[in-house]
Amino acid sequence: MSDSAFGLGRTELHDLYRALCVTRAAEERLELLQKQGHVTGGVYRCLGQEAGAVGAAFALRRRTDGTGDMLCHTIRAAGALFLFGGELIDYFRQYMAKGTGPTRGREANVHWFDFDKGFVGPVSPLGTMIEIMAGMTLSFRLRGEERIGMVFYGDGASSTGAWHEGLNFAAVQRCPMILMVENNQWAFSTPTSKNTRVSSFTEKGPGYGIGAESVDGTDVLAVFDAVRRAANLVRSGEGTRMVELKYFRRRGHAQHDPQDYVDPAEIRKWEKKDPLDLYRARLLEKEWASEAELVAIEQDAFDSCRVAAEEAIGEPYPDGPDAVTDVYTDVSTPHPWTRADSPDPTLA
Ligand SMILES: Cc1ncc(C[n+]2csc(CCOP(=O)(O)OP(=O)(O)O)c2C)c(N)n1
Ligand SMILES: [Mg+2]
């Protein structure tokens, strides 16, 4: 691991730490909200994986006018979403299914988008976002735009048909896109060894004719450096590349999963490689930040999450009828499940 700051100035080095702290604080707040009964669905944490999403998104061109790079996050890549301008309050609104949230309570998770800011929420069937991002980035190439796309996917998702088809299409079409493989060693209760026989997902790259690199996903600067190199190649016309993030899912698939199928010693081992602790120590050791500066960043991350969550708590849930707005073109027609008469049994 290089000791350089990869051309980043003090402010950017602090911004990276801020993004890590915001991700951690947002998820800790979410856990609290869930215990208080405010969260409608599951809470999926990226504990130990924060540096992957943050380092990768930091290496992209972030704009707010629809001209920047495009990112597709996952439940484990909230840090990338925040860096791309996803508002904390919207994140909390989503998880609490508030009517004020981006999906107006229809979805209680990270499936939301903002094309101007450059993030598209994932679609749930694993692997399919590669196909969608391939299409989006193909349009960038055909229009001669300098934009690139990034799509995150877990190790488990990489065994789906859509993953393979999408990646092959992207490779053949030289779509300007980076596929980030979030190899956290588990797909729900399935270990990576039962998903693939390769020891690194980078081994799959040559099969599609694309370049691939593996990086320590707990080291935010190493991730940033690897992704910036990949982005330069992709932007200069090489086409699709893959970057594998190696780390460990330190919590269950979601908070309701006790992960009793994971060896506790393994979790303890990875706790020693906590990405925030590692980067914090490096910032101090290299004198890129003072203790007071770091404490101020941590406090600010904590406060902004608390304030955003408290504001979202006070907001209303959606009105019932809004559930069908934008779903049917003709809302005056009664929907099948609301009609008073019984369905015609002869049509069954
Ligand atoms: C095609 C498909 N199969 C199953 C699921 C249900 N599912 C959602 S997340 C998940 C585990 C994904 O594991 P991985 O890709 O390793 O990502 P991680 O949760 O570890 O970040 C599963 C099986 C789904 N959404 N889509
Ligand atoms: Mg996984």
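The values are calculated or read from the model by the stated rules, or taken from the named source; none is laboratory data. Just so we're clear, the structure is a prediction, and the values are computed from it rather than from any experiment. Positions of Cβ are backbone-derived with ideal geometry, glycine not excepted, and every protein chain shown enters the neighbour counts. Keep in mind that these areas ignore ligands, DNA and RNA; they rest on the heavy atoms of the full protein, side chains included. Shrake-Rupley method; radii C 1.70, N 1.55, O 1.52, S 1.80 Å.
Structure values in brief
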read-out: Any hit, the range 149-165, residues being within 20 Å of Ala231 (Cβ to Cβ), surrounded by fewer than 19 Cβ atoms within 10 Å (Cβ to Cβ) and modelled with pLDDT of 95 or more; value: no
read-out: Unmet criterion (only one of (1) open to solvent by 10 Å² or more (accessible area, probe 1.4 Å); (2) modelled with pLDDT of 95 or more; (3) farther than 27 Å from Leu276 by Cβ) for Ala134; value: (1)
read-out: Yes/no for Gly121 being open to solvent by 10 Å² or more (accessible area, probe 1.4 Å) and over 20 Å from the mean Cα position of the chain (by Cα); value: no
read-out: Test: residue in the range 48-56 that is open to solvent by 10 Å² or more (accessible area, probe 1.4 Å) and modelled with pLDDT of 95 or more; value: no
read-out: Cβ pairs under 7 Å, 6+ apart, first in the range 29-52 and under 23 Å from Glu311 (Cβ atoms), second part of a helix (DSSP H, G or I) and small (Gly, Ala, Ser); value: Arg29/Ala309; Leu33/Ala309
read-out: Any hit, the range 273-294, residues being touching a residue at least 60 places away in the same chain (Cβ under 8 Å), over 30 Å from Thr11 (Cβ atoms) and open to solvent by 10 Å² or more (accessible area, probe 1.4 Å); value: no
read-out: Exclusive hit being of a type outside the set (A, V, I, L, M), away from ligand 2 (no atom under 16 Å from the Cβ) and within 21 Å of Arg229 (Cα to Cα), set Gly101, Gly135, Gly79; value: Gly79
read-out: Residues satisfying the stated conditions in the range 253-282, i.e. within 16 Å of Asn183 (Cα to Cα) and under 17 Å from the mean Cα position of the chain (by Cα); value: His253, Pro275
read-out: Any chance Asp260 is outside any helix (DSSP H, G or I) and at pLDDT 95 or above; value: yes
read-out: Elements of type helices (runs of 4 or more DSSP H) in the range 102-221, at least 2 residues being free of Cβ contacts under 8 Å to residues at least 24 places away in the same chain and more than 16 Å from ligand 1 (Cβ to nearest atom); value: 128-142, 205-208
read-out: Filter pass, Glu28 being surrounded by fewer than 21 Cβ atoms within 10 Å (Cβ to Cβ), at pLDDT 95 or above and over 30 Å from Pro318 (Cβ atoms); value: no
read-out: Qualifying residue in the range 70-80 (condition: under 22 Å from Gly48 (Cα atoms), in contact (Cβ under 8 Å) with a residue 12 or more places away in the chain and touching a Cys at 6+ places or on another chain (Cβ under 6 Å)); value: yes
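The rows are residues; the columns are (1) within 11 Å of ligand 2 (Cβ to nearest atom); (2) among the small types (Gly, Ala, Ser).
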residue: Gly166; (1), (2): no, yes
residue: Gln173; (1), (2): no, no
residue: Met177; (1), (2): no, no
residue: Met180; (1), (2): no, no
residue: Asn183; (1), (2): yes, no
residue: Ser199; (1), (2): no, yes
residue: Thr202; (1), (2): no, no
residue: Gly205; (1), (2): no, yes
residue: Glu213; (1), (2): no, no
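Okay, residues lined up against (1) aromatic (Phe, Trp, Tyr); (2) on the phi > 0 side of the Ramachandran plot; (3) in contact with a strand residue (DSSP E or B) (Cβ under 6 Å, 6 or more places away or on another chain):
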residue	(1), (2), (3)
Met177	no, no, yes
Asn184	no, no, no
Pro191	no, no, no
Gly211	no, no, yes
Phe224	yes, no, no
